[in-house]
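Data block below; observations after.
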Amino acid sequence: MAGKGPAPQKGSAERRGVKRTPGFTQLPALGRHGDAPAWPLDRFNDDERRLWSKLWTLPQAVMWERMRCEDTVALYTRLFCEMSNAASPSQMVKIGNEVRQLDAKLGLSPRAMLDLRWEVEVLDTESSTVLSNSNGQHKPFVPRTPSS
């Protein structure tokens with residue numbers, strides 16, 4: 001037996017044929033807006049500052065902020081920068097293993113996003129514009145919508 005009242009209206013994404021994965025959290029395609037949180041660790045070099053600011057513009061940063069993951073993102077930032085500047089291949093591999101584990105916890109790879117049940121919403125390119133962060137240098141990644 002059908003429910004009472006009219007059927008629910010389809011959202012704009014459904015009208016365009018875009019399917020959302022049931023049970024997945026939708027992350028904003030334009031990423032997180034606003035400045036990065038205060039750096040929670042003791043010191044902060046230029047490489048870390050750039051990566052920290054960039055990471056906080058990603059769609060995943062919305063969830064990090066909600067879950068208060070600033071320390072974990074800072075640790076990832078520090079280790080990623082240390083790995084990039086590693087003096088030896090063995091040091092790079094050792095730090096790289098830690099970076100890869102944090103990558104999985106923060107949802108930075110496609111596999112990690114799948115495990116966390118996160119997906120980036122499909123951007124309605126007809127009504128949206130790409131926004132820049134407060135310094136105007138970095139523009140978030142905007143995925144293309146599938147062609148019909």
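The values are calculated or read from the model by the stated rules, or taken from the named source; none is laboratory data. Quantities reported herein were computed from a predicted structural model and do not represent experimental measurements. Glycine also receives a Cβ, built like all others from the backbone with ideal geometry; neighbour counts cover every protein chain displayed.
Before moving on, here are some points about what is shown:
- Count of the range 93-125 residues which are within 22 Å of Trp52 (Cα to Cα) and touching a strand residue (DSSP E or B) at 6+ places or on another chain (Cβ under 6 Å): 3
- Residues considered: Leu55, Leu41, Leu51, Leu30. Of these, the only one that is of a type in the set (A, V, I, L, M, F, W, C), at pLDDT 90 or above and out of contact with any helix residue (DSSP H, G or I) (no Cβ under 9 Å at 6 or more places or on another chain) is Leu30.
- Residues in the range 53-62 that are assigned to a loop (DSSP other than H, G, I, E, B) and of a type in the set (Lys, Arg): none.
- Matching option when the condition is within 29 Å of Arg20 (Cβ to Cβ), hydrophobic (A, V, I, L, M, F, W, C) and over 13 Å from the mean Cα position of the chain (by Cα), among Val99, Val122: Val122
- Entry remark, the range 63-85: residues being surrounded by 15 or more Cβ atoms within 10 Å (Cβ to Cβ) and either in contact with a strand residue (DSSP E or B) (Cβ under 6 Å, 6 or more places away or on another chain) or outside any helix (DSSP H, G or I) (or both) number 1 in total.
- Neighbours by Cβ (under 7 Å, 6+ apart or cross-chain): first from the range 26-53, closer than 17 Å to Trp64 by Cβ; second of a type in the set (Lys, Arg): Gln26/Arg20; Leu41/Arg78; Glu48/Arg78
- In the range 25-60, the residues that are in contact with a Cys (Cβ under 9 Å, 6 or more places away or on another chain) and of a type in the set (A, V, I, L, M): Leu51
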